[in-house]
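Peer 1: Right, I'll just put the structure down here and ask away after.
The values are calculated or read from the model by the stated rules, or taken from the named source; none is laboratory data. Given the structure is predicted, the values throughout are model-derived calculations rather than measurements. Here the Cβ positions follow ideal geometry from the backbone for every residue, glycine too, while neighbour counts run over all protein chains shown. Surface areas here come from the heavy atoms of the whole protein model, side chains and all, with no ligands, DNA or RNA. Shrake-Rupley method; radii C 1.70, N 1.55, O 1.52, S 1.80 Å.
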Amino acid sequence: MAADNASSVTEFILAGLTDEPELQMPLFFLFLGFYMVTVVGNLGLITLIGLNSHLHIPMYFFLFNLSFIDFSFSTAIIPKMLMSFVSKKNIISYAGCMTQLFFFCFFVFSESYILSAMAYDRYVAICKPLLYMVTVSSQVCLLLLLGVYGMGILGAVAHTGNILFLTFRSDNLVNHYMCDILPLLELSCNSSYINVLIVFTVVTIGIGVPIVAIFISYGFIISSIFHISSTEGRSKAFSTCSSHIIAVSLFFGSGAFMYLKPPSILPLDQGKVSSLFYTIVVPMFNPLIYSLRNKDVKVALRKTVGSITFS
């Protein structure tokens with residue numbers, strides 16, 4: 001019976017965030033503003049780190065890559081999302097949908113693992129400061145980065161491959177503003193317990209492993225901070241981690257809320273709101289968190305703006 005109702009779908013219609021006509025234009029301008037802030041913030045941070053030699057250290061090497069991931073992540077999602085606010089039917093081809101799904105998964109996994117690499121960097125900086133430049137050498141940074149993007153590719157291939165083997169109903173309305181895993185599973189007519197199990201297994205590896213690594217790193221960091229005798233030293237150590245802790249909490253909190261609960265507990269309409277945080281809000285806030293709370297970035301910004309003004 002499923003085979004009779006199924007068809008070889010060539011395109012999907014993305015439902016978007018809301019079908020309320022009076023909200024379409026306000027939401028369009030709101031998310032366009034978010035995207036502009038995200039682009040300017042992340043490309044600005046990438047430029048600052050590239051232009052200022054005193055920022056060419058491991059911490060900013062990872063921050064450079066976090067900004068690149070955030071910029072690319074939002075670019076894979078928001079422009080297509082904006083279409084849903086200004087067009088009657090926001091159509092995406094099957095190939096386009098699978099491509100968006102692949103890059104969405106790639107950047108989610110890459111962000112998870114770059115945050116865990118940054119936690120390791122902070123652990124070495126605070127717990128083993130004398131060995132920092134040896135332990136987190138340029139070769140180690142490149143290996144960690146290879147691991148970050150390698151896990152991103154593995155996660156994206158696993159999720160996209162899982163969806164590619166499904167057959168979709170002729171009713172091809174995706175109840176989301178993007179091609180996400182759970183809405184596509186709901187739309188398919190032959191998804192099984194195995195498909196859902198694959199999703200939760202891959203997501204657990206993609207989110208669970210980095211979270212464990214981050215918790216272990218911060219366990220050692222907190223222990224080391226409590227052994228610092230001066231209040232000023234403890235305060236300085238905490239301040240070097242605060243930006244990273246905020247970024248980690250925002251990203252993993254919203255991601256876990258969306259994916260580590262069965263769909264029956266979290267309806268898709270609530271899931272759409274939850275996914276706004278890690279697809280749109282987090283990439284926008286990360287450069288603000290790291291620039292507004294970071295003395296080195298502020299100095300680099302003043303220096304760069306000063307040199308441009310002087311020129």
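Peer 1: Quick one: V9 ticks every box in (1) within 30 Å of F165 (Cα to Cα); (2) outside any loop (DSSP other than H, G, I, E, B); (3) not hydroxyl-bearing (S, T, Y) bar one, so which box is it?
Peer 2: Going through the list (1) within 30 Å of F165 (Cα to Cα); (2) outside any loop (DSSP other than H, G, I, E, B); (3) not hydroxyl-bearing (S, T, Y), V9 breaks only (2).
Peer 1: Another question about this same structure. With within 26 Å of L101 (Cβ to Cβ), polar (S, T, N, Q) and open to solvent by 20 Å² or more (accessible area, probe 1.4 Å) as the only criterion, which of T240, T204 stands out?
Peer 2: T204
Peer 1: Another one. Does any residue of segment 60-78 turn out to be open to solvent by 60 Å² or more (accessible area, probe 1.4 Å) and either outside any helix (DSSP H, G or I) or under 26 Å from T167 (Cα atoms) (or both)?
Peer 2: no
Peer 1: Residues to consider are T18, T10; find the one that is open to solvent by 70 Å² or more (accessible area, probe 1.4 Å) and either touching a His at 6+ places or on another chain (Cβ under 8 Å) or within 28 Å of H159 (Cβ to Cβ) (or both).
Peer 2: T10
Peer 1: Cβ-Cβ below 8 Å, separation at least six or inter-chain, first residue in segment 216-238 and closer than 13 Å to K128 by Cα, second surrounded by 12 or more Cβ atoms within 10 Å (Cβ to Cβ) and polar (S, T, N, Q): which pairs?
Peer 2: Here the result reads S217/S116; A237/S224, each pair linking segment 216-238 to a residue that is surrounded by 12 or more Cβ atoms within 10 Å (Cβ to Cβ) and polar (S, T, N, Q).
Peer 1: Next question. In segment 151-174, which residue that is modelled with pLDDT of 90 or more and open to solvent by less than 30 Å² (accessible area, probe 1.4 Å) is nearest to the chain's Cα centre (by Cα)?
Peer 2: For segment 151-174, the residue satisfying everything is G152.
Peer 1: In addition: So, in segment 81-111, exactly how many residues are under 14 Å from G16 (Cβ atoms) and open to solvent by 50 Å² or more (accessible area, probe 1.4 Å)?
Peer 2: Adding up the residues that qualify gives 5.
Peer 1: Only one of (1) open to solvent by 40 Å² or more (accessible area, probe 1.4 Å); (2) without any contact (Cβ under 8 Å) to a residue 24 or more places away in the chain fails for V124. Which number is that?
Peer 2: (1)
Peer 1: Looking at segment 207-225, which of its residues are open to solvent by 60 Å² or more (accessible area, probe 1.4 Å) and over 17 Å from the mean Cα position of the chain (by Cα)?
Peer 2: The answer is V212, F215, I216, F220, I222.
Peer 1: Same structure again: What about L187, is it at pLDDT below 90, closer than 20 Å to F12 by Cα and surrounded by 18 or more Cβ atoms within 10 Å (Cβ to Cβ)?
Peer 2: It is true that L187 is at pLDDT below 90, closer than 20 Å to F12 by Cα and surrounded by 18 or more Cβ atoms within 10 Å (Cβ to Cβ).
Peer 1: Could you check how many residues of segment 36-63 are touching a residue at least 12 places away in the same chain (Cβ under 8 Å), more than 19 Å from V282 (Cβ to Cβ) and of a type in the set (G, A, S)?
Peer 2: 1
Peer 1: When both residues are 6+ apart or on different chains and their Cβ atoms are under 7 Å apart, which pairs have a first residue that lies in segment 88-111 and is farther than 28 Å from G147 by Cα, and a second that is of a type in the set (D, E, K, R) and open to solvent by less than 60 Å² (accessible area, probe 1.4 Å)?
Peer 2: Taking only residues 6 or more apart or on different chains, the pairs are I92/K80.
Peer 1: Here are some conditions: (1) of a type outside the set (A, V, I, L, M, F, W, C); (2) out of contact with any Lys or Arg (no Cβ under 8 Å at 6 or more places or on another chain); (3) modelled with pLDDT of 90 or more. Q100 meets all but one. Which one does it not meet?
Peer 2: (2)
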